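The values are calculated or read from the model by the stated rules, or taken from the named source; none is laboratory data. What you see is a predicted model, and the numbers here were worked out from it, not measured in a lab. Don't worry about glycine lacking a Cβ; one is built from the backbone with ideal geometry, like all the others, and counts go over all protein chains shown.
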Amino acid sequence: MGMMIGAAVLALPLILATVTLLAGARAQRLAPPDGQFRVVPGGRLHYTDQGTGPAIVLIHGLGGQLRNFATPLVDHLAQSHRVIAVDRPGSGYSTYDGAFPDLHGQARMIAALIEALSLGPVTLVGHSLGGALSLALVTTRPDLVAKLALVAPLTLPTDTMPPHFAILTIRAAWLRRLIAWTVIAPAGLLAGLARQSPVFAPDAMPPDFASRGGGALLFRPSAFDAASRDLQTVPAALATIVAAYPTIDRPVHVLFGTGDQILNPTLHGETFATRVASARCDLIPGGHMLPFTHPETTAQWIAAVGMAR
């Protein structure tokens, strides 16, 4: 009996790693790359490009990718704008060269994409961590930004963190890799079956988020590692971004769901709006994933920001 238990214990990591491999293959079938690729200094970015008119650039949040902006949202905006949705470096199907780029490094890469596509000053739409990246970009390359439309953005330092993000704070690379290959995919599959996630609450997790929303891609080991590195580089990068807030002279619009359980709407929305002279904050019912759970409402808000003078 003891030998059987021992063999089972030894086999468990192999079984879990196999589940991870299968989950990764399934994720790429459910949410394959459906855009274009552009090599920029620092790596290669995956992006979609739809519509014509004034340019809007969509930047997703932590652990996400460009499908987090639901198809109805992109389709609505593409009726009157050129809409570019981009996978942040290390997320989705975008890659980076050398050391992992913090928010400033990612902002430089997206700025290079804006220049390469000759988009001119754009309306920059950042969701969650993508909001902080958007603020990094406007403080360093204001010439590329006409205005910002930030959806549930990270804007100010905070000492609190949602408990389910704690696993992303692991600093030891070997332990991150072990967890990425043995825990994340099985746990993600169970969460998907349960159709529950505080990232969506109080909204329900849409049944098609794994495919149409690209949620399945999060459970690849590389995606977990990138999300962990993202989270751990945020404090230092955000401090320099916040210090540059007095220099922002572009219109900044913020949209938050009043029930957001990931980022506090009062701190990151209303308080932030008092720190930037050109900022304003709007609140609507909903949770953190407004671009996917409330795509039409969010698209109408973004379009109004994009067309405002």
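Across segment 178-219, which residue is modelled with the lowest pLDDT among those that are over 20 Å from Q28 (Cα atoms) and assigned to a helix (DSSP H, G or I)?
It comes out as A194.
It is to be established whether one or more residues within segment 136-157 are buried (at least 24 other Cβ atoms within 10 Å of the Cβ), part of a loop (DSSP other than H, G, I, E, B), β-branched (V, I, T) and at negative phi.
yes
State which residue is farthest from A146 (Cα to Cα) when the search covers only segment 230-262 and only residues that are part of a helix (DSSP H, G or I) and in contact with a Lys or Arg (Cβ under 9 Å, 6 or more places away or on another chain).
Per the stated criteria, the residue is Q232.
Would you mind telling me which numbered condition in (1) closer than 26 Å to L144 by Cα; (2) surrounded by fewer than 21 Cβ atoms within 10 Å (Cβ to Cβ) P291 fails?
Of the numbered conditions (1) closer than 26 Å to L144 by Cα; (2) surrounded by fewer than 21 Cβ atoms within 10 Å (Cβ to Cβ), the odd one out for P291 is (2).
Would you mind stating whether A244 is over 17 Å from V183 (Cα atoms), buried (at least 20 other Cβ atoms within 10 Å of the Cβ) and either in contact (Cβ under 8 Å) with a residue 60 or more places away in the chain or of a type in the set (S, T, Y) (or both)? Give the derivation first.
Details: over 17 Å from V183 (Cα atoms): yes; buried (at least 20 other Cβ atoms within 10 Å of the Cβ): no; either in contact (Cβ under 8 Å) with a residue 60 or more places away in the chain or of a type in the set (S, T, Y) (or both): yes.
So A244 fails the test.
If the Cβ limit is 7 Å and pairs must be 6+ apart or interchain, which residue in segment 277-301 that is part of a loop (DSSP other than H, G, I, E, B) and at pLDDT 95 or above pairs with which residue that is β-branched (V, I, T) and surrounded by fewer than 19 Cβ atoms within 10 Å (Cβ to Cβ)?
From residues that are part of a loop (DSSP other than H, G, I, E, B) and at pLDDT 95 or above, the pairs are P285/T258.
Checking R171 against (1) part of a loop (DSSP other than H, G, I, E, B); (2) in contact with a Gly (Cβ under 9 Å, 6 or more places away or on another chain); (3) over 17 Å from L263 (Cα atoms), which test does it fail?
For R171, the exception is condition (2).
What number of residues within segment 13-29 satisfy the criterion of being surrounded by fewer than 16 Cβ atoms within 10 Å (Cβ to Cβ) and either modelled with pLDDT of 70 or more or out of contact with any helix residue (DSSP H, G or I) (no Cβ under 7 Å at 6 or more places or on another chain) (or both)?
Going through segment 13-29 one residue at a time, the tally reaches 8.
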